[in-house]
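Here's the structure, in structure tokens; my notes come after.
The values are calculated or read from the model by the stated rules, or taken from the named source; none is laboratory data. Every value quoted in this text rests on a predicted model; they were computed, and no experiment measured them. Counting neighbours? That spans all protein chains shown, and the Cβs are built from the backbone with ideal geometry, glycine included.
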Amino acid sequence: MSEKRRVVITGIGAVTPLGVGARRLHERWVAGVCAISDRAGRANEYDAAEHLSVKEARRLDRSAQLAVVASDEAVAEAGWEGEPPYDSFRVGCIVATGIGGIQTVEIGHDAFRERGWERISPLAIPMYMPNASAAAVSMRHGLRGETYGIVSACASGGNAIGAAARMIQYGDADAVLAGGTEASVTEFGFGCFDTMQALSPGGNSRPFDARRDGFVMGEGAAMLVLEEAEAAKARGATILGELAGYGSTADAHHLTAPEPTGRPASMAITLALKDAGIAPEGVSYVNAHGTSTQLNDAAETVALKLALGEHAYKIPVSSLKSSIGHLLGAAGAVEAVATLQALNDLVAPPTLGYEVPDPELDLDYVPNVARPLVNVNGGAPVGISNSFAFGGHNVTLVIKGAE
Amino acid sequence: MSTVTKEQVQDRVIEALASFGPDADSITPDKTFEELDIDSLDLVELAQIVEDDYGVVLKGEDMKELKTVGDAVELISSRAA
């Protein structure tokens, strides 16, 4: 097989509980800001009126709005200026979601229950379909290549970025706008997760801490502009980093519980590193899935040790979910954006709320305070970002910072 | 049910259309839906509002004939009378 085409990152955007903007996400997390209140992480600084026309806003579920706004930021950073710098049929778009447009479903269902099905909005389906965000981003930026949504619960965002990279590597696209979005912090959405006892009763997101007792729901979106390396260089783009590797496996074990030996998750990490051609010893930072549930954080710790061996003990492992909660289908994308910035700023952002070590969980989780990141390989720093999901989906992305 | 005037219908139609996006000042009877960027999905929503307010049922074939704001106001007021 011929040499793989390389995939570089030229733009990032994010709307999260830490604010509007990828930079804000990074800086506030590094500063130790926790954006969780009232048992959830809400994107309270996002105001549709600042970004969208009345018509755009009323035709997009909140989940699609967040994706569109994140995509605007990413495309602006990539310098696309109004239209993609490639044949539009060679630019794809993949936007993941775990849940889809649930706020629209709820409004439509209320109308149905109260006033009959004739009063359901004709916009209900195009707003709540899980591909609505991908469609909206494609229309927003005139992307006419392969475009679709991707669904694998809390691993969705990672899968979207991985699938986008493959699209470029295989030669089906020269660029792809990829990411994930979620806006399911509604009473109903909250109740659904709460009854399965997945949520922290006190709303405390403290990954890897012995007292961890469930995750905290969050909302937001992140989008990345991925381009084929040579094409990006040829157009003079600023290269922020590289999507160097992607690995994905399934537990085939249980609806919600992770496979306890950690082997399928570790295999995702191993496959991603192999895809990137990087040895475990070349990894400087792990952006953990770290949900703050008993089972995930234990299984992830085991998986990291299996995949990275002794090196797992030598590098920082931190969880963004300690700051913003669990963004479900957006998490993988938001965390990829956070990982890239951590690598480029050579800083290991902290796992907040970490006070009581769990004897079984003995890696370096960067408790509470950020610290300088040691680049172990001398070249562009390499990080991995894990996403694991209900349903047993495992994804690892290998991200390289700028040269 | 009290009689509805054409002016009342027109005000209500303009208010409804404005809620879909276009500036209220730009909505006049001679304007086409195309000019206002009002599409078939918007017109279904307009039909739902009209049925709620005036009991006038507008079917798909009725809507197809409508080109301008004035056309819609005419049709609705003639049926509401």
Subset of segment A:274-302 (residues that are more than 15 Å from residue A:377 (Cβ to Cβ) and free of Cβ contacts under 8 Å to residues at least 60 places away in the same chain): A:274, A:295, A:302
Residue list for segment A:107-123, filter: more than 10 Å from every other protein chain (Cβ to nearest Cβ) and either in a helix (DSSP H, G or I) or of a type in the set (Lys, Arg) (or both): A:107, A:108, A:109, A:110, A:112, A:113, A:114, A:117
Enumeration of residues in segment A:257-284 that are buried (at least 16 other Cβ atoms within 10 Å of the Cβ) and part of a loop (DSSP other than H, G, I, E, B): A:258, A:259, A:262, A:278, A:283, A:284
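Name the single residue, out of those in segment A:124-150 being in a loop (DSSP other than H, G, I, E, B) and surrounded by fewer than 21 Cβ atoms within 10 Å (Cβ to Cβ), that is nearest to the other protein chains (Cβ to nearest Cβ). Let's see the steps before the verdict.
Restricting attention to segment A:124-150, the residues satisfying the condition of being in a loop (DSSP other than H, G, I, E, B) are A:129-131, A:142-146.
Narrowing further to those that are surrounded by fewer than 21 Cβ atoms within 10 Å (Cβ to Cβ): A:129-131, A:142, A:144, A:146.
Details: A:129: 14, A:130: 19, A:131: 17, A:142: 18, A:144: 21, A:146: 26 Å.
Among those that are in a loop (DSSP other than H, G, I, E, B) and surrounded by fewer than 21 Cβ atoms within 10 Å (Cβ to Cβ), it is A:129.
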Within segment A:240-259, tally of residues that are in contact with a helix residue (DSSP H, G or I) (Cβ under 6 Å, 6 or more places away or on another chain) and farther than 21 Å from residue A:336 by Cα: 3
Positions within segment B:30-66 being at pLDDT below 95, within 12 Å of the chain's Cα centre (by Cα) and away from chain A (no Cβ under 14 Å), in sequence order: B:54, B:62, B:66
Among the residues listed as A:97, A:104, the single one being within 14 Å of chain B (Cβ to nearest Cβ), of a type in the set (S, T, N, Q) and either buried (at least 18 other Cβ atoms within 10 Å of the Cβ) or touching a strand residue (DSSP E or B) at 6+ places or on another chain (Cβ under 6 Å) (or both): A:104
Scan of segment A:270-295 for residues that are within 15 Å of residue A:392 (Cβ to Cβ) and either in contact with a helix residue (DSSP H, G or I) (Cβ under 9 Å, 6 or more places away or on another chain) or of a type in the set (Asp, Glu) (or both), ordered by number: A:289, A:291
